[in-house]
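This report concerns only the one structure given below.
Derivation of every value follows stated rules applied to the coordinates shown; laboratory data play no part. These numbers were taken from a predicted model, which means no experiment stands behind them. So basically every Cβ, Gly included, is an ideal-geometry build from the backbone, and we count neighbours across all protein chains shown.
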Amino acid sequence: MARYLGKETTRVDGIAKVTGKAKYTAEFQIPHVAYGFIVLSTVAKGRITTIDTREAEQAAGVLRVFTHLNAGRLGKAPAAGAPPQWSWPLQSDRVFFSGQPIALVVAETYEQARYAARLVKASYQAESHVTDLEAVLDKAQPAPQNTPARGDPSRALQSAAIKVEAEYHIPINHHNPIEPHAAIAFWEGDQVTIFDKTQNVYGVQNHLAEGLGVSAEKIRVISPFVGGAFGSSLKPNYYPSLTAMAARELKRPVKVVFTRAQMFTGHGYRPQTIQKVTLGADRSGKLQAMLQQAFHNTSSFEPFSDNTTGFLKQVYACPNLDMPLKVAATDLSTPTWMRAPGAVSGMFALESAMDELAYALKIDPLQLRLINYAEVDPVSGKPFSSKALRECYRLGAEKFGWKNRNPEPRSMRDGKLLVGWGMASSVWGAMQMPASARVTFRADGTASVESATSDIGPGTYTVMTMIAAEFLGLQLDQVKFELGDTRQPQAPAQGGSWTTSSVGSAVRGAALTITAKLLELASRDAVSPLRGLAADEVEMLDGRLRAKNDSSRAADIADVMRRTGTNEITEVYNSTPSPERENYASLAHGAQFVEVKIDPDLGTIRVTRVIEITACGKILNPLASHSQEIGGVVWGIGMALEEATEVDHRSGRFMNANLQHYHVPVNADIHSIETIFVEEDDLIVNPLGVKGMGELGMVGIPAAIANAVYHATGKRIRHLPITPEKLL
Ligand code: MOS
């Protein structure tokens, strides 16, 4: 019986966070630090012809104005004759997107740097740009993740009794974490230390090694707390190298912090997506063919793709399927992963189309999903290591009262408000990456645990502390878990919802290795009651090492350590996915049921009720996990109804780079949300039995809302966000 795993546990870092003791990147105090402020391009494409920094340089407190004319080199010089590229800041006169950094003003204070930044004058030889995906669709290139078609979808479509065909549009969305991007860099001789807001300290270290021409071991990256990131800090951003370059040139620590407006530049966004979906079914509702052609934009200098349709191929049992993704270059910055990348965009289109098909067939939308339920992975033919989606559908329908739904659009009312009920499925991966953790166990019954992962908010400090305490048999407050430093053992980026499975497995492995070491020490004593037991037959609990099946066979751990002259035991454990996983497909699933109430005169939509049931393996900390899923639902509401980065295609600029005009849900937008877990026993996926869940919670929500809006109004809105003007 687990002591901690599976039990609601408040955050171990909660008090530090609410009292301000938890330090975020920009809050570290470094003596004699200078402040950098970034100047951004105002054209989308072209060359900088002149950049006049004289006035800025003479402004009070200014130490240096870095431009492409005087910045230190970053990265390798491009090969002669190579096409122009943008990978490192301030390395050429070329402009590849509006909002590209063209100067860094460094001054004694932040205010002086920010003021002087306004005095930098650039003129450009602008070239014509394209920032609208629709204008370059014909130039789109296949994404590298594409897989061959299953069966013959075109032929199967011709003979399908019922067909639906529709096109779905999603605008650019921007991550808006509360904490802005920031870095502080300082050099000691040829070594550099950098505080950076990042989801991946080792990734930043490698990136800086390449950029600065310094070997990785001379670069220390520190990031103990991250105030939200959602993917915006997965890839190394350009500002750490810029900050480190400025600190090297000035021989002084430099700090760079983004403004909210700058948070819309230069480090990614959810791409603009266009998807053409054709579904064919027989009259019983069995899918005969699925064709989903997805397009999204990338930049002119990086071929990013978010694998929009990747997981979709595994959702329904359908013999004929093709879901190619193509990406087209635009003169914008490169998009990146953003919470539930690909899946939430792809499932908006697919699950909307499934609803359209349900209406064409006159079959209940939930029933249609059950008719096409994938009992085995339709891509590989392998069994699922676990899949409780059927139970999610059943429980969600029951809790929501789905059987009382009148399928007729505009048939349900609450006074003058139109009521709509919609549902959708969700899917995400159950991934595991190689990860390492170090555990030091001391004779006084305390332990230090370290791994260079990140905690962008899901509760990683807490769950790793729980895992270590569980397997070391300690109290939570006897364990100290630390993360976010390249001096710690390597961990993958915190992304993909794989942190608990990856890093948690490493922490567990290290703790079990310590148990084995202690058994070995105890067994040196000829009269030890534990002699003859194998490592997996013993466990640690409250300072004792004892046989799992006979707690009277036990040894006092402190005693064993003292007698053998052992003050502490340190173990580093490298965990990797088990080969057994290869024989199975592993995914996390969910079902969401949504009620909307719509004012027929004003077109205003309220999401009055959401029930989301997810099956994502074992839930280690229900408190944090419900919080994750509720957050996913809230974001799904934002994506469905509010969020859009508006591009002025004439200037190639993002027009609403602020939280006044980039709308996200506020408290008044959020009503009843209930999240429920159907736990799965799955020890194939990893030894802890956990699956990805942080991204899953968002995946089906935009489609479920769009489907509820159709049910309420009879209007099928295929362009997100669903704003009142689209309904009227
Ligand atoms: Mo998440 S988009 O993998 O940070």
- prompt: Which of the residue pairs 218/480; 387/691; 416/726 have a Cα-Cα distance greater than 18 Å in the structure shown?
  reply: 218/480; 416/726
query: If each of residue 137 and residue 580 carries a label point 7 Å out from its Cα toward its Cβ, how far apart are those two points in nm?
result: 4.8
- request: Work out the FRET efficiency for residue 660 and residue 601 from their Cβ-Cβ distance, taking R0 = 45 Å, and round it to the nearest 0.05.
  value: 0.95
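At 222 nm, what value in deg cm²/dmol follows for the chain if DSSP H runs of at least 4 each add -39500 (n - 2.57) and the sum is divided by all its residues, to the nearest 500?
-7000 deg cm²/dmol
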- line: Rounded to a whole number, the Stokes-Einstein D of segment 175-267 in µm²/s (Kirkwood radius over Cα pairs; 37 °C; 0.692 mPa s) is 251
Set of lysines near residue 548 by C-alpha distance (under 25 Å), chain-local residues within fewer than 8 positions excluded: 7, 517, 618
statement: Amide H proximity to residue 680 below 5 Å, modelled H, separation 5+ or other chain, gives 616, 617, 618
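Of all trypsin sites (Lys or Arg not before Pro) in segment 226-319, which ones are in loop regions per DSSP and have a Cβ with at most 12 other Cβ atoms within 10 Å?
Passing both the DSSP loop test and the Cβ count: 251, 283.
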- request: Give me the aspartates and glutamates in straight-line cross-link reach of residue 403: C-alpha distance below 17 Å, same-chain residues under 8 apart excluded.
  value: 355, 364, 391, 595, 612
statement: With 0.36 nm assigned to each residue of separation and the Cα-Cα distance removed, residue 382 to residue 158 gains 77.7 nm
message: Distance between the C-alpha centers of segment 391-459 and segment 227-305? Whole Å please.
response: 23
task: Report the full-extension gain for the segment residue 475 to residue 523: residue separation times 0.36 nm, less the Cα-Cα distance, to one decimal in nm.
output: 14.7 nm
- prompt: So which lysines can residue 276 reach, going by Cα to Cα under 19 Å and dropping same-chain residues fewer than 8 places off?
  reply: 139, 163, 313, 326, 715
message: Using alpha carbons only, how many angstrom separate the centre of segment 639-666 from the centre of segment 465-534?
response: 46
statement: On each of the three principal axes the extent of the alpha-carbon atoms of segment 433-576, given in whole Å and largest first, is 49, 27, 23
- request: Filter the trypsin sites (Lys or Arg not before Pro) in segment 48-150 down to the DSSP loop ones having no more than 13 other Cβ atoms within 10 Å, then list what survives.
  value: 73, 76, 118
- prompt: Assuming R0 = 25 Å, what is the FRET efficiency of residue 549 and residue 10, from their Cβ-Cβ distance, to the nearest 0.05?
  reply: 0.15
- prompt: Over all Cα pairs of the chain, how is the pair count split among 20 Å bins, expressed in % and running from 0 up to the last occupied bin?
  reply: 17, 45, 31, 7, 0
query: Which residues in segment 473-514 place their backbone N less than 17 Å from a point set 7 Å from the Cα of residue 217 along the Cα-to-Cβ direction?
result: 486-490
message: Looking at the chain only, what percent of DSSP beta bridges run antiparallel? Nearest 5 please.
response: 80
field: Pairwise label distance in nanometres, residue 3 with residue 178, each label 7 Å out on the Cα-Cβ vector
entry: 3.2
- request: Would you work out which of 655, 209, 566 lies farthest towards the positive end of the dipole of the chain, given +1 charges on the beta-carbon of Lys and Arg and -1 on that of Asp and Glu, about the Cα centre?
  value: 655
- request: With the convex hull built on the Cα atoms of segment 32-129, state its orientation-averaged projected area in nm².
  value: 6.5
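Could you tell me the calculated FRET efficiency between residue 362 and residue 671, based on Cβ-Cβ distance and R0 = 45 angstrom, to the nearest 0.05?
That gives a FRET efficiency of 0.90.
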Charge context of residue 386, other residues only, Cβ under 9 angstrom, K/R +1, D/E -1: -1
message: List the trypsin sites (Lys or Arg not before Pro) within segment 422-520 that DSSP assigns to loop and that have no more than 16 neighbouring Cβ atoms inside 10 Å.
response: 487
- request: Would you grab the residues whose amide H sits under 5 Å from the one on residue 181? Only those 5+ places off in sequence or on another chain, please, with H modelled 1.01 Å from N.
  value: 258
- request: May I ask you to evaluate 6.51 cos²θ - 1.76 cosθ + 1.60, the Karplus curve with θ = phi - 60°, for each residue of segment 224-230 and list the ³J(HN,Hα) values in order in whole Hz, giving x for glycine and proline?
  value: x, 9, 10, x, x, 8, 6
